[in-house]
Amino acid sequence: MQHHSAYGHLDADCFYVSAERVRDSYLRGKPVGVLGNQGACVIAKSYEMKAAGVKTGTPIWDAIRLCPAGVYLKRDFRWYEVLSRLMHDAVREFSPAVEFYSIDEFFFRVTTHRGLSLQGTAEAMRDHILQTIGVPVTVGIARTKTLAKLVSDTAKPFGAFALLDRDAESTLLGRTPVTEVSGIAAARAARLEPYGIRTCLDLARADRLLVRSLMTRAGEALWYELNGDPVIPLLTERPPHKTLSRGGSLGGVTTDPNRLWAWVVRNLERLVEELDWHQAAAGELTVYLMHWDGSEGSERTVFASPTRRFDLLVGAARPCFERAWQPGRGVSRIHIFATKLRRPGYVQMGLFDPPDGQALSVAAAKRAVNDAVGRFALRSGATLPLTDVYRDGAQGYDICDIRGKICF
Ligand SMILES: [Mg+2]
């Protein structure tokens, strides 16, 4: 039997915990919790810890009470991203069309592997990723992306399941509440309830136009997908960022202009790292700050030609900072935003873009030293008032942006 289109969904099993186990086999089989938010709560837990009653979001003090034998670790998103990229490459070995859906989830077009059945292909992918990367995953294959995700969600953990038989499909839909479909949260489900639509099968069997009137075109697309019509496209290229930003809380309130400017420069150096990584140039730069009383200041510069050069960005940030800040007033947060981003090939060199060989080689030398010696080993002298911040190793990595994907 030939399947003209089949889609797969691959999802790592408790990814952050599995990632920690890859580099430390001591953690295998033990209850493990990964902490976020400055170590205050559990953002991922192993099945052993889940069995003890610890949930995602449980504060650490409650988790320790529920699971005193647990091993609690601080998250390391850089490592998780390394494994995510390896997983992506591994999925690409099986499929030419792969969508990076989140740090540990991929959709892909299914092509049968070396003469294997679809079921055999799902198993081969799962086993290959465990053997080569060490991360346990679950693979679901079905007629559409939406169905494939439902299949893998129900096959967890370490499952591999190709579901194409229509009767089996209906059985699965019949026992799955509509809230299990990503895109149907409680509010939407409440709108379906009066029409007797509770399970995915109810939804698939409902009148399409009714579904559209209740849940707009996005809901209608889900209706088609649940009926086996693949209408949601596979996005094999990551959508480019519209904005990149760096910043956050200063960990206190300060009125010292030198310290505040140091925070601006620190965040700008972090932002330049991101711009370099994405090969993007900023068309606009915004300096945003929040005063201790909640009042905000925000100022923007538009560049005649987009840039990611630190010297040009810092020159533009200074007057923005001076206009945004009300001197004497304590500041608690600072963010720097790069917007109107341009990619290579789309950047027109302006007449006024100074071809400054010296600035470019200084930037290249700074990057090379920091790559070799450590992040921020070489940094702007304007950041000297923040020596205490740079000394704290925990400040050396970024909390919530997995390059290219916000994870929560
Ligand atoms: Mg997962």
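The values are calculated or read from the model by the stated rules, or taken from the named source; none is laboratory data. It should be emphasised that the depicted structure is a prediction, and the values quoted were computed from it without experimental measurement. Positions of Cβ are generated from backbone atoms using ideal geometry, with glycine treated the same way; all protein chains shown enter the neighbour counts.
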Practice problem: Within the range 10-37, track down each residue that is more than 15 Å from the ligand (Cβ to nearest atom), touching a strand residue (DSSP E or B) at 6+ places or on another chain (Cβ under 9 Å) and part of a helix (DSSP H, G or I). | Solution: 26, 27, 37
Quiz item: Hey, residue 114 hits all of (1) at positive phi; (2) crowded, with 20+ Cβ neighbours inside 10 Å but one; which does it fall short on?
Solution: (2)
Exercise. For residues that are surrounded by 13 or more Cβ atoms within 10 Å (Cβ to Cβ) and small (Gly, Ala, Ser), scanning just the range 58-83, find the one that is nearest to residue 133 (Cα to Cα).
Key: 70
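Does residue 69 satisfy being more than 16 Å from the ligand (Cβ to nearest atom) and either of a type in the set (A, V, I, L, M) or within 16 Å of the chain's Cα centre (by Cα) (or both)?
It is true that residue 69 is more than 16 Å from the ligand (Cβ to nearest atom) and either of a type in the set (A, V, I, L, M) or within 16 Å of the chain's Cα centre (by Cα) (or both).
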Practice problem: Determine whether the range 91-101 contains at least one residue that is buried (at least 18 other Cβ atoms within 10 Å of the Cβ), charged (D, E, K, R) and in the same structural domain as residue 160 (by TED's automatic domain parsing). | Solution: yes
Quiz prompt | Residue satisfying all of: in the range 38-56; more than 16 Å from the ligand (Cβ to nearest atom) and modelled with pLDDT under 95; farthest from residue 88 (Cα to Cα) among these | solution = 40
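Listed here are the residues, each with its yes/no results for (1) within 19 Å of residue 156 (Cα to Cα); (2) away from the ligand (no atom under 16 Å from the Cβ); (3) of a type in the set (Ser, Thr, Tyr).
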position: 61; (1), (2), (3): no, yes, no
position: 65; (1), (2), (3): no, yes, no
position: 80; (1), (2), (3): no, no, yes
position: 83; (1), (2), (3): no, no, no
position: 90; (1), (2), (3): no, no, no
position: 102; (1), (2), (3): yes, no, yes
position: 108; (1), (2), (3): yes, no, no
position: 124; (1), (2), (3): yes, yes, no
Quiz item: Which residues, taken from the range 153-190, are surrounded by 15 or more Cβ atoms within 10 Å (Cβ to Cβ) and either in contact (Cβ under 8 Å) with a residue 40 or more places away in the chain or basic (Lys, Arg) (or both)?
Solution: 153, 156, 160, 161, 162, 164, 169, 173, 181, 188
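Which is of a type in the set (Ser, Thr, Tyr), within 16 Å of the ligand (Cβ to nearest atom) and in contact with a helix residue (DSSP H, G or I) (Cβ under 6 Å, 6 or more places away or on another chain), of 138, 112, 144?
None of the other options fit; the residue is 138.
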Self-check item: Every residue from the range 232-283 that is out of contact with any Leu (no Cβ under 9 Å at 6 or more places or on another chain) and assigned to a loop (DSSP other than H, G, I, E, B)
Solution: 233, 234, 235, 236, 237, 238, 239, 255, 256, 279
